[in-house]
């Protein structure tokens, strides 16, 4: 789709590189500019204890970098800066995650680069927006935007999500903004300065948890996997063979079907309000039934009745599933075989 598109990636770690990878997957030429003075993107060194230390890249780096041309430059050096500018002159998009003050010092801000390429789409990713220079790694944003506070179990310390979800969400917002800018450029011929921050992306992704507060004054509390508005939704049960099964009953018909399957008296829990107020009693009844049969039995029965369910799986289990195979992208990078999950699902 984007085989004639040229993208310059002045970004490191996760959010910016994931955005570049999205366009690379769709055929764009993506040139990843890495800092020669630090031996490239810092995630090259973010290795598991089991990874070989002498290899040039890590599994983490591989997750966000696919089908890119890596260019090691010291942009403070005049010759290297000129090399970069020559690439930018015929580029369509620049993705940058420099702090605003740094991009100005390096002469790599939008006002600097549009002089060489007036129709450039300049996609700027920052931590907290504006000119704030505070370092902004994902866990910091999870803490500052309410995600950590409401994540975890009741009466326990807050918990961060085990992927850098704010980075991933910001990458999606940045992709969407760039795609809108591409459409605008097709119509007008004009470039665009796009600004997306991790902070704003996190707030925009709070969805119903934000409106629960904004409209009802409800501060979301840690509930484990449970949902504050629906039951049973996110509630977990143990099967006879020790598997954890999660239910996501979102409609009255689904709950009726569940009651029929488990021989639970429907009238006692007829409305969602009743199910929320009697959640403990309802879960006790469901637990008594689920523990009697194996996970395979429940999978079959729940599917027949169109009741949403999930088996809690680890990574090994996830990638045993044949449905995951079509999602994998493999590439040899700097002599190392790599594999990651694709981001462009078309």
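The values are calculated or read from the model by the stated rules, or taken from the named source; none is laboratory data. Everything numeric here is computed off the predicted structure, so don't read it as measured data. Please note: Cβ atoms are built from the backbone with ideal geometry, for glycine as well, and neighbour counts cover all protein chains shown.
Please list, ordered by first then second residue, the pairs with beta carbon atoms under 6 Å, 6 or more apart or interchain, first in the range 289-308 and without any contact (Cβ under 8 Å) to a residue 12 or more places away in the chain, second surrounded by 15 or more Cβ atoms within 10 Å (Cβ to Cβ).
So the pair list comes out empty.
Out of all the residues in the range 228-255, which are without any contact (Cβ under 8 Å) to a residue 24 or more places away in the chain and buried (at least 16 other Cβ atoms within 10 Å of the Cβ)?
Hits for the range 228-255 are 228, 233, 234, 255.
Just one of 84, 108, 125 is in contact (Cβ under 8 Å) with a residue 24 or more places away in the chain, closer than 21 Å to residue 192 by Cβ and assigned to a helix (DSSP H, G or I); which is it?
Checking each option against the conditions leaves just 84.
Could you list, ordered by first residue, the pairs with Cβ atoms under 7 Å in which the first is in the range 27-53 and in the same structural domain as residue 73 (by TED's automatic domain parsing) and without any contact (Cβ under 8 Å) to a residue 12 or more places away in the chain and the second is in a loop (DSSP other than H, G, I, E, B) and surrounded by 19 or more Cβ atoms within 10 Å (Cβ to Cβ), at least 6 apart or interchain?
51/58
Only one of these conditions is not met by residue 163: (1) touching a helix residue (DSSP H, G or I) at 6+ places or on another chain (Cβ under 6 Å); (2) closer than 26 Å to residue 23 by Cα; (3) without any contact (Cβ under 8 Å) to a residue 24 or more places away in the chain. Which number is it?
Tallying (1) touching a helix residue (DSSP H, G or I) at 6+ places or on another chain (Cβ under 6 Å); (2) closer than 26 Å to residue 23 by Cα; (3) without any contact (Cβ under 8 Å) to a residue 24 or more places away in the chain, residue 163 fails exactly one: (1).
Return the only residue of 181, 171, 177 being touching a helix residue (DSSP H, G or I) at 6+ places or on another chain (Cβ under 7 Å), within 30 Å of residue 110 (Cα to Cα) and assigned to a helix (DSSP H, G or I).
Of the residues listed, the single one that is touching a helix residue (DSSP H, G or I) at 6+ places or on another chain (Cβ under 7 Å), within 30 Å of residue 110 (Cα to Cα) and assigned to a helix (DSSP H, G or I) is 171.
Among the residues of the range 138-160, which ones are touching a helix residue (DSSP H, G or I) at 6+ places or on another chain (Cβ under 6 Å), in contact (Cβ under 8 Å) with a residue 40 or more places away in the chain and buried (at least 18 other Cβ atoms within 10 Å of the Cβ)?
Hits for the range 138-160 are 138, 141, 142, 145.
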